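Nothing in this text is a laboratory measurement; each read-out follows from the coordinates by a stated rule. All of these numbers come straight from a predicted model, not from anything done at the bench. No Cβ is skipped: glycine too gets one built from the backbone with ideal geometry, and neighbour counts run over all protein chains shown.
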Amino acid sequence: MTQTLCDTVELTIPCRPEYVGVARLAVLGIASRMPFSYDEVEDVRLAVGEACTHAVERAGSTVAQIKIVSTIDSVALVIEVSDDVPADAEPVIPDEDAQALAAAGVDQQGLGALLMEILVDEVKITSTASGTSVRLTKFAPE
Amino acid sequence: MTQTLCDTVELTIPCRPEYVGVARLAVLGIASRMPFSYDEVEDVRLAVGEACTHAVERAGSTVAQIKIVSTIDSVALVIEVSDDVPADAEPVIPDEDAQALAAAGVDQQGLGALLMEILVDEVKITSTASGTSVRLTKFAPE
Amino acid sequence: MNLTINSRTPNETTRILEIEGEIDVYTSPQLKQEIVKLAEGGVKHLIINLSKVEYLDSTGLGVLIGGLKRLREAEGNLVLVGPALRILRIFEITGLDKIFDIYATEEDAAAKEGVTL
Amino acid sequence: MNLTINSRTPNETTRILEIEGEIDVYTSPQLKQEIVKLAEGGVKHLIINLSKVEYLDSTGLGVLIGGLKRLREAEGNLVLVGPALRILRIFEITGLDKIFDIYATEEDAAAKEGVTL
Ligand SMILES: Nc1ncnc2c1ncn2[C@@H]1O[C@H](COP(=O)(O)OP(=O)(O)O)[C@@H](O)[C@H]1O
Ligand SMILES: Nc1ncnc2c1ncn2[C@@H]1O[C@H](COP(=O)(O)OP(=O)(O)O)[C@@H](O)[C@H]1O
């Protein structure tokens, strides 16, 4: 196996709606370090936004943090979004919304997960008692 | 003394020129959480950019990191930019540039420091053998 | 990281909402509140102009779907106008372009929905 | 986080550089290289259009000052055109607006510097 030099960027934000935008802006800068097209950069930004949103919805009003570790090398951008929200926390989505979504044949969480699956090359979700981690991988072109 | 609730955002980037933009983008999002005007947000962004630039120039080609800790409360935004570049490292600014600047009556480092002083309300620089830390404070309006 | 909602009233049961900014987990409650308020106030046709929306996530989609369901139950409709290609793509990859009526311009939307602007 | 430099040649000893993007510690070496190359190639008048520059830091200021000194030594000049208010302010607070000639348009700059566009 050959070794690749890689750069790491770490960001920790409060697990609250108003900070998800900070993560998206940072990821915009990070993804721009890769030979991605404008659309691919946007894809990564949206996928990370969805991972953070999922954490924020599960946290509800409990105090929690989101840690976003990005690893950049010539092969891929790997972004790991981890929270410290207990894995059994249920997303705080108002009932009526969930019902409306279900009636339309979709669920919002499912939408977030679906978007991540489509927008990046690999999604790996790991839940433990102490938190959930979503690892998003987008490979460099070629 | 009254206690104020505060939020903390931590960002760690490689101490290299191409990552300063990531810090600036994140700070844009962070400063937008404060009741700052558009110009004040820009001021903070530029000040943090200067602090990072100073670290990058001192690091030269040595492997180092910059850690940016932002504390947001109702009174002020405090951003601490710390590097692990030994304090005796001299900025790597090409000689001819330094001379040209000196001839014009300015030095580039001095310019960076001057900009920080003007753009935010307080600048505190602490250097130890293990690194330099720049603490920038911008108070909320009123 | 801001959302601005600009509301116009072409007739009593129709509203045009022109949305500017980012619809995400932080801002979508604001949009939801506006839609619920209008629906409860008797609005049946909601034309949502997305041409100035730069970002839309699953919570935003959720709010739009919730509004759609509400208005269709009231025998009205919630239609979308002028999303940028990037935003349209989000509807396409989630299959929601088949659930929503999406038009290029407000005039198109009004004509097809049979409301006068 | 990109810098684009667009170069035009109104006459043999004059160049207009239209710069787009951010001039910072990452991109300013690229601008410096371009200025040095032109100065060494005999260019005496450099008109730098900053109207599409969104960000300028102390390293960018350093590069501009270096170029200014070089060209003035060659009995030429490096002048700046059309900075946004935000960028102009950086020259003002550092006092560099007194060192550089700053014009509103390329035509103004050419007229005052006595070069034909
Ligand atoms: N946006 C998301 N970010 C992280 N994890 C998610 C997200 N959406 C769903 N998950 C997790 O992925 C798993 C499957 O979710 P989902 O696709 O909603 O399941 P289902 O298809 O059964 O409704 C669950 O553990 C859920 O918590
Ligand atoms: N942009 C900067 N960021 C952080 N520290 C800086 C910056 N510029 C200067 N300093 C530090 O501040 C101190 C004074 O710098 P400077 O103002 O350049 O000194 P002088 O005015 O004597 O040239 C030095 O320790 C220098 O390393």
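Dividing the helix sum by the residues of chain C, where each DSSP H run of 4 or more adds -39500 (n - 2.57), gives a mean residue ellipticity at 222 nm of -12000 deg cm²/dmol.
When A:Glu117 is represented by a point 7 angstrom out along its Cα-to-C-beta vector, the spacings to that point in the other copies are 5.9 nm, nearest first. Size estimate for the range C:3-113 follows the Kirkwood approach: the inverse of mean 1/r over distinct Cα pairs works out to 13.6 Å.
Between the helical axis of C:58-73 and the longest alpha-carbon principal axis of chain C there is an angle of about 20 degrees.
The same position C:Ile93 in the other copies lies at 3.9 nm from this copy, comparing label points 7 Å beyond Cα toward the beta-carbon, shortest first. When B:Ser37, B:Ser32, D:Ser58, B:Ser70 are sorted by how many other C-beta atoms sit within 10 angstrom of their C-beta, beginning with the fewest, the order is B:Ser37, B:Ser32, B:Ser70, D:Ser58.
Residue of chain C with the Cβ closest to the rotation axis carrying C onto D, and that distance rounded to whole Å: C:Glu54, 8. Pairs exceeding 23 Å between alpha-carbon atoms, taken from D:Lys37/D:Lys112; C:Lys69/C:Lys98; C:Lys44/C:Lys98; D:Lys37/D:Lys98; D:Lys32/D:Lys112: D:Lys37/D:Lys112; D:Lys37/D:Lys98; D:Lys32/D:Lys112.
Shielding by partners for peptide C:61-69, expressed as the average number of C-beta atoms from other protein chains within 10 Å of each residue's C-beta, is 6. Can you spot the aspartates and glutamates whose alpha carbon is less than 13 Å from A:Lys138's alpha carbon? Ignore those fewer than 8 places along the same chain. Output for A:Lys138: A:Asp39, A:Glu40, A:Glu42, A:Asp43, A:Asp73, A:Glu80, A:Glu117, A:Asp121, A:Glu122.
Length gained on full extension, A:Lys124 to A:Thr62, computed as 0.36 nm times the residue gap minus the Cα-Cα distance: 19.9 nm. Relative to the current alpha-carbon distance between D:Lys112 and D:Thr9, full extension at 0.36 nm per residue lengthens the span by 35.3 nm. Give the distance, in whole Å, between the Cα centre of the range A:28-48 and the Cα centre of the range D:1-36. Each part reduced to its Cα centre gives a spacing of 26 Å. Computed on the protein assembly as shown, the Cα convex hull volume stands at 202 Å³ per residue.
Comment: the Cα-to-Cβ extended label point of D:Thr4, at 7 Å, lies 2.6 nm from its counterparts in the other copies, nearest first. The value of relative contact order for chain D, using C-alpha pairs under 8 Å at least six residues apart, is 24 percent. The phi torsions of the range D:16-30, fed into the Karplus equation with coefficients 6.51, -1.76 and 1.60 and a -60° offset, translate into couplings of 10, 10, 9, 10, 10, x, 10, 9, 9, 4, 7, 9, 5, x, 5 Hz, rounded to whole numbers, with Gly and Pro shown as x.
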